[in-house]
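To start, the structure under review is shown below, and the notes come after it.
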Amino acid sequence: METIRVIYEGKVCELPVIVGTEGEKAIDISRLRQTTGLITLDPGFGNTGSCTSAITFMDGEKGILRYRGIPVEELAEHSIFTETAYLLIHGVLPTRQQLNQFSVLLNDNSLIHEDMQFFFQNFPRASHPMGIVSAMVTALRSFYPELKINDEEEINLTVTRLLSKIRTLAAMSYKISRGHKVIYPRPDLTYCANFLNMMFDNPVRPYCIDDTLVNALNVFWILHADHEQNCSTSTVRMVGSGRVNLYAAISAGIAALWGPLHGGANQAVIEMLEKIHREGANVRDVILRAKDKNDPFRLMGFGHRVYKTYDPRAKIMKKMCDSVLQKLKIHDPLLDIARQLEETALTDAYFIDHHLYPNVDFYSGIVLRAMGIPTNMFTVMFAIGRLPGWIAQWKESRDDPDWRLSRPRQIYVGPAQTHYLPIDRRH
Ligand code: CMC
C-alpha cells in the first residue's frame, strides 16, 4: 500500500493512501493527531473525504455521475423514480417481483395519520413549504413507532413509509396552503402520477394525468436522487451519527437543502429569471453584475463545488425542458432568457476561467413551472427526489463498522484565558 510520510517535531507518521474504484486517491489521516498532535484544517471541506461510499460516483472534471455504477443518463432514459430509489437504497436494480412488492408497500404506506392534518392547519399561510415539510417529517416520528436500528425488516418499513408519506405530506401542505380540499393518494396510480394528482386534482376540475409530465417528473426526481457527500447528505450522515431516529436525520437534511446555495437554488433561479423578465433587464448587464466582486449577486444555477464542466444532470434537464415545453406547446419567456444567459456566460472569459457552467437547477425550475408547481414548492420537489439518496447514505453509515459520532475539531483563535469581571467594574 502506498503511504505518505509526515515528519513533525521528530515524530514520524506513515499515512496510508486509500484508492477508490475509479482510481481516486485519499490520504487516510485517522492516526495523524494521535501520532503527531496535528489536525487538518479545510474550511468548506473541499479537500476532505468524510467517508468511503459505494453509492454514487461523480467525476467533476469529466462530468460523470453514476448511481451504484450506472450512468445517470441511462437511468434517466430507462428507469422510473421508484426503481432508481430501490437501486440506491438496496444497492441493486430490483427484479420485476421486487419492484412490484416495493410499489405495493409504497401504496400501503401512502396515507398520513389524519391527526397530522391539524398540524398543517396551524402553520401561518405564508410559511415556506420547506419549513413545513421538515417539521412534518420530524413529527412522523411521534406518529409511527420507534425504529429499532438493528431490525432490517423494520428499517425497510420505515424507509418505505418515509418515501411514500413525504410525497403525500408535500402535496397536502400545498393543498392546505391554498385552502383547498386535501386529495388522497390513489392505489391505481404510480408514484409520480399520484403526486401530480394529489397536487392538482380538485372536486370541480378533475386533474387529467399527462404522460409527458409524469415522465418529466420521473426524470426530474431520478436526476436529484443522490449526489454523494453534498451539504444536505453530509448533514444526514452527521446528525445520524448521533444515533437519532431516521426521521430526525432526514428532517435535518431537508433543512440543510433549503439554502439558496444548495437545493434552494432552483427557486432562486426562477426568481432571478422572473426579475430579469419583469424589469426587461439586459442579459449582458446581468452577467456583468455576476462578475462584479463588489456586488453580492451571483448567477443562480451556475457553478458547482465539484463539477468544473457541464453538470451532466443539467444537460439532461435542458433537453427535457425543451421537449416538455414543445410537447405541451408552452412558450415560456423565462426559457428564452435562460438560454441567452447560458450562451453569454459560456463565452465570457470570467465564466470560462472560473469553470462555471449551468448546474441541475438552471433549467429545472422551468420544467417544474410547466407542471404547474408553484415556485415556493421547488425545493420541496428537490427534497422528495433526494430522499432515496439520504436514506441510502444513512443506511450505509449505519452499517459501516467504523461508524463513529461525527465530531470535527477546530483551531481556537479566540482570547487566551481571561477572568470574569463583575458588572460594576466593566466599562
Ligand atoms: N456566479 C458568479 N460567480 C460565481 C458563481 C456564480 N454562480 N459561482 C461561483 N462563482 C465564483 C466566485 O465568486 C469565486 O470567484 P473568485 O475565485 O474570483 O473569488 C469562484 O467562482 C469560486 O466560487 P466559490 O463560492 O468559492 O465556489 P464554491 O465551490 O464554494 O461554490 C456554489 C459553489 C454552487 C455555492 C457556487 O457556484 C454558487 O454560489 N452558485 C450559485 C448557486 C447555485 O446555483 N447553487 C446550486 C448548486 S447545484 C445544486 C446542489 O447540488 O446543491
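The values are calculated or read from the model by the stated rules, or taken from the named source; none is laboratory data. Keep in mind it's a predicted model, so treat the numbers as computed, not measured. Because the Cβ atoms are built from the backbone with ideal geometry, glycine has one as well, and the counts that use them run over all protein chains shown. Side chains included, ligands, DNA and RNA excluded: accessible areas come from the protein's heavy atoms. Shrake-Rupley method; radii C 1.70, N 1.55, O 1.52, S 1.80 Å.
Scanning residues 5 or more positions from residue 302 or on other chains, those with amide H under 5 Å from its amide H are 359, with H placed 1.01 Å from N in the peptide plane. Computed from the C-beta positions of residue 59 and residue 202, the FRET efficiency with R₀ = 56 Å rounds to 0.80.
The lysine pair tally for segment 294-349, using Cα distances under 20 Å and a gap of 8 or more places or different chains, is 6. Shown for the chain are the DSSP H helices of 27 Å or more along their axis, judged by Cα atoms, with a mean Kyte-Doolittle hydropathy of at least -1.0: 152-178, 378-399.
Once neighbouring chains are kept in place and the probe is 1.4 Å, which whole percent of the accessible area of the chain is contributed by carbon and sulfur? Display every interim value, and only then the final one.
Numbers: 11790 of 22230 Å².
Answer for the chain: carbon and sulfur cover 53 percent of the accessible area.
Computed from the C-beta positions of residue 278 and residue 347, the FRET efficiency with R₀ = 41 Å rounds to 0.95. Averaging the Cα positions of each part gives two centres, and for segment 1-67 and segment 340-366 these lie 31 Å apart.
Note on the chain: with charges restricted to the Cβ of Lys and Arg (+1) and Asp and Glu (-1), its dipole about the Cα centre is near 960 debye. The length gained on full extension between residue 121 and residue 399, counted as 0.36 nm times the residue separation minus their Cα-Cα distance, comes to 96.2 nm.
Using just its DSSP H runs of length 4 or more, each adding -39500 (n - 2.57), the chain gives a mean residue ellipticity at 222 nm of -16500 deg cm²/dmol after division by all residues.
Normalised by the number of residues in the chain, the mean separation of alpha-carbon contacts (under 8 Å, six or more apart) gives a relative contact order of 19 percent.
Say R0 is 51 Å: what FRET efficiency, to the nearest 0.05, do residue 329 and residue 28 get from their beta-carbon distance?
Working: r = 56 Å, r/R0 = 1.10.
For residue 329 and residue 28, the calculated efficiency is 0.35.
GNM on the chain, alpha-carbon springs under 10 angstrom: the most fluctuating residue among 407, 186, 339 is 407. Kindly identify segment 3-49 as rounded, prolate or oblate by the Cα gyration tensor criterion: order the square roots of the eigenvalues as a ≥ b ≥ c, call it rounded if a/c is under 1.5, otherwise compare a/b with b/c, prolate if a/b is larger, else oblate. In terms of gyration-tensor shape, oblate.
Averaged over its residues, the chain has an accessible area of 52 Å² per residue, based on protein heavy atoms and a 1.4 Å probe.
Between segment 378-399 and segment 259-294, what is the C-alpha centre distance in whole Å? Value for the Cα centre distance between the two parts: 28 Å.
From the alpha carbon centroid of segment 89-107 to that of segment 153-208 is 19 Å. Here the peptides 409-422, 309-322 are ranked by packing, the mean other Cβ count within 10 Å, and the order with the highest first is 309-322, 409-422.
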